[in-house]
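Written out below as structure tokens is the structure these notes cover.
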Amino acid sequence: MPGPADGSAFFIAFVGLAVVFRLVTLAISIRNEAAMKAVGAVEHGAANSRAIALAHIGFYLAGLAEYLVRPAPFDWVSVTGLAIYAFGAVMLVVVIALLGRFWTVKLIIARDHDLVTHPLFRAVRHPNYYLNILPELVGYAVTLQAWVTLVVGLAIYMVPLTVRIRQEERVMRGTFARY
């Protein structure tokens, strides 16, 4: 079991802050979803949204469990993972700011939905997935040096994420002629 002299305080603080960060962004998503649905927004792929949520929670729990079973040293690997995680977190903040009231963790299209054409969305088709979620998960696992979680958890996560990307492509093409 990890102890205070081995850097475990850093790892536990990291997991705690990662969870708090995700809960704050979830609150933003819930607020945006409620506002959009109140005026007729439509959700697509609800079952897959639940699968993504379960995969995300499972990934975080698996990484933590792996760390608790096999504590990692605080070293350059953890620092690298933290940098990757931080990049993903910053990109999430950027995506939330760019999408504004249209950002949610679900696939929801508002009646007055605008197509965001910021250069980031032209350069990376799905920045929320490729610049946030994937770096977040990779960074989380690498920080904890949870290698089984990284390989197995990421493979599992990619199933609903791939479905989500395909669903989003279909919905966006059907909603926005300029997409």
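The values are calculated or read from the model by the stated rules, or taken from the named source; none is laboratory data. Since this is a predicted model, take the numbers as computed values, not measurements. With ideal geometry, Cβ positions are generated from the backbone for all residues, glycine too; neighbour counts draw on all protein chains shown. These area figures cover heavy atoms from the full protein model, side chains too; ligands, DNA and RNA do not enter into them. Shrake-Rupley method; radii C 1.70, N 1.55, O 1.52, S 1.80 Å.
List of remarks:
- Taking region 43-52 as the range and being open to solvent by less than 50 Å² (accessible area, probe 1.4 Å) and either modelled with pLDDT under 95 or within 14 Å of the chain's Cα centre (by Cα) (or both) as the test, the residues that pass are Ser49, Ala51, Ile52.
- Qualifying residue in region 90-104 (condition: more than 25 Å from Val42 (Cβ to Cβ), open to solvent by less than 30 Å² (accessible area, probe 1.4 Å) and in a helix (DSSP H, G or I)): yes
- Of residues in region 76-123 being over 16 Å from the mean Cα position of the chain (by Cα) and of a type in the set (Val, Ile, Thr), the one nearest to Arg50 (Cα to Cα): Ile108
- Criterion applied to Thr143, Thr80, Thr149, Thr104 was being under 22 Å from Arg178 (Cα atoms) and in contact (Cβ under 8 Å) with a residue 12 or more places away in the chain, and the one residue passing it is Thr104.
- Between Leu131, Leu161, the distinction of being part of a helix (DSSP H, G or I) and either in contact (Cβ under 8 Å) with a residue 60 or more places away in the chain or touching a Leu at 6+ places or on another chain (Cβ under 6 Å) (or both) belongs to Leu161 only.
- Test: residue in region 24-42 that is in a helix (DSSP H, G or I), among the hydroxyl-bearing types (Ser, Thr, Tyr) and over 19 Å from the mean Cα position of the chain (by Cα): no
- Failed item in (1) more than 23 Å from Val148 (Cβ to Cβ); (2) out of contact with any Leu (no Cβ under 6 Å at 6 or more places or on another chain), with Asp75 passing the rest: (1)
- Selection status of Gly58, surrounded by 20 or more Cβ atoms within 10 Å (Cβ to Cβ), in contact (Cβ under 8 Å) with a residue 40 or more places away in the chain, at negative phi and more than 11 Å from the chain's Cα centre (by Cα): no
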